[in-house]
1. Since residue 42 meets every condition but one in (1) in contact with a Leu (Cβ under 6 Å, 6 or more places away or on another chain); (2) modelled with pLDDT under 95, which condition does it not meet?
2. Quick one: in region 129-158, which of the residues that are touching a residue at least 60 places away in the same chain (Cβ under 8 Å) and open to solvent by 90 Å² or more (accessible area, probe 1.4 Å) is farthest from residue 90 (Cα to Cα)?
3. Sort out which residues of region 35-73 are open to solvent by less than 60 Å² (accessible area, probe 1.4 Å), touching a strand residue (DSSP E or B) at 6+ places or on another chain (Cβ under 7 Å), more than 22 Å from residue 158 (Cα to Cα) and not β-branched (Val, Ile, Thr), and write them in order of number.
4. If a residue has to be hydroxyl-bearing (Ser, Thr, Tyr), surrounded by fewer than 17 Cβ atoms within 10 Å (Cβ to Cβ) and touching a Leu at 6+ places or on another chain (Cβ under 9 Å) to count, how many in region 86-127 make the cut?
5. State all residues of region 211-233 that are small (Gly, Ala, Ser) and surrounded by 20 or more Cβ atoms within 10 Å (Cβ to Cβ); if no residue qualifies, say none.
6. Against the definition (in a helix (DSSP H, G or I), modelled with pLDDT under 80 and within 16 Å of the chain's Cα centre (by Cα)), how does residue 205 come out, yes or no?
7. It is to be established whether one or more residues within region 90-99 are closer than 30 Å to residue 273 by Cα, of a type in the set (A, V, I, L, M) and touching a strand residue (DSSP E or B) at 6+ places or on another chain (Cβ under 8 Å).
8. Yes or no: region 8-18 includes at least one residue that is part of a helix (DSSP H, G or I), closer than 15 Å to residue 117 by Cα and at pLDDT below 95.
Amino acid sequence: MVVPMGKTTMPTSFGEPDIPLTEALLGLLRNGPRDVGWLAARARARLRDATIDEESVITAVHECTLLVGRPDGAVVRLLDLLEGQVLTHRVSEETAGRVDLWTGLALMPLTAWASVEPLRLASGGGVTAAEFGHQALVGPPGWLPQARPHQLLGIRVRDGRISVDVVDAVTSPQRDHQVRLALTSQYRNEAWWTGDELANRPAALNRAVGYALLQQPDLLGEPGTPLNELLYDALREDDRLNHFRNLRAWEAGDCVSFGVEGMPEALYMELNGRAEKYGMALDQFIILALGHLAWRTPFTDDLGPWESWDVQPEATSTAKLHALPTLDD
């Protein structure tokens with residue numbers, strides 16, 4: 001659900017939040033976690049609304065993923081849980097001289113926060129969500145380091161401020177597995193999950209990050225693989241990005257789909273990395289690789305039309321049969 005809030009939007013909610021109450025709670029939590037009773041009393045006085053009670057606060061926490069309820073009953077801001085953490089983003093274009101960083105699910109917790117109030121920079125100034133609903137962060141001149149396409153930017157939160165650096169995230173499959181397991185164990189555990197799955201994915205990711213950091217406070221303490229690359233099974237962002245390519249493939253006819261179970265994570269990361277390098281969807285790259293293995297050529301058109309492979313009975317001979325491509329070649 002995207003709810004108007006100030007000059008931008010707040011793409012963080014599962015339901016219809018009480019905007020004044022949510023803003024009040026975020027302000028009351030600037031100095032650290034507070035219990036529900038304390039928050040209800042202060043919000044009731046600040047907004048001069050006698051209907052605000054503990055149940056109202058609990059509902060607001062459930063509906064806005066910038067608010068996270070702790071197991072001990074206190075409420076904390078998502079930004080405070082991100083203290084000391086690093087979120088990484090793989091850039092798709094040169095960043096030199098730019099003030100806008102186009103991003104997506106990899107930085108969704110920060111993008112969501114920037115849609116409510118600026119993220120303060122350690123170097124001075126602030127970063128806000130882009131106008132007109134663009135999936136981008138906008139900051140002052142010089143806030144972005146020079147990075148080439150496919151390089152990683154690491155955004156670290158320290159003392160409530162962010163710093164941005166080019167990072168070389170050399171991570172292990174074991175570390176990636178730990179992060180993936182921590183996030184996916186929390187992902188889609190919401191009792192109010194709706195049928196509009198795609199619209200709720202950013203909010204669900206924010207909630208998963210918040211809960212995972214409650215459980216493992218140092219989970220994202222070091223730069224690693226971007227979240228959108230780690231959570232391939234949960235987010236399925238490629239469904240949207242490659243919708244028209246997939247539609248054309250099906251319209252061509254004679255296409256089948258299948259799943260792969262038990263693929264080693266290291267192999268998946270290798271295939272996915274190569275697909276991104278060549279600007280392809282993962283399934284597109286796998287089809288190309290399998291076609292190359294089966295037919296010894298990356299382009300099936302080189303073999304001519306399928307019908308030309310048919311061998312007429314009268315033309316069959318040992319020599320010609322040996323010339324046909326087989327699985328044993």
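The values are calculated or read from the model by the stated rules, or taken from the named source; none is laboratory data. These numbers were taken from a predicted model, which means no experiment stands behind them. All Cβ positions, glycine included, derive from the backbone under ideal geometry; neighbour counts span all protein chains shown. For the accessible areas, the whole protein counts, side chains as well, though only heavy atoms, and no ligand, DNA or RNA atoms are used. Shrake-Rupley method; radii C 1.70, N 1.55, O 1.52, S 1.80 Å.
1. So residue 42 meets the others, but not (2).
2. Filtering first and then ranking leaves 158.
3. 39, 60, 63, 64, 73
4. Here is the first cut: in region 86-127, the residues hydroxyl-bearing (Ser, Thr, Tyr) are 88, 92, 95, 103, 111, 115, 123.
After this cut, where a residue has to be surrounded by fewer than 17 Cβ atoms within 10 Å (Cβ to Cβ) as well, the list is 92, 123.
With the extra rule that they be touching a Leu at 6+ places or on another chain (Cβ under 9 Å), the set shrinks to none.
Qualifying residue count for the region: 0.
5. Scanning region 211-233 gives 212, 224.
6. Against the criterion (in a helix (DSSP H, G or I), modelled with pLDDT under 80 and within 16 Å of the chain's Cα centre (by Cα)), residue 205 does not qualify.
7. Yes, region 90-99 contains a residue that is closer than 30 Å to residue 273 by Cα, of a type in the set (A, V, I, L, M) and touching a strand residue (DSSP E or B) at 6+ places or on another chain (Cβ under 8 Å).
8. No, that holds for no residue.
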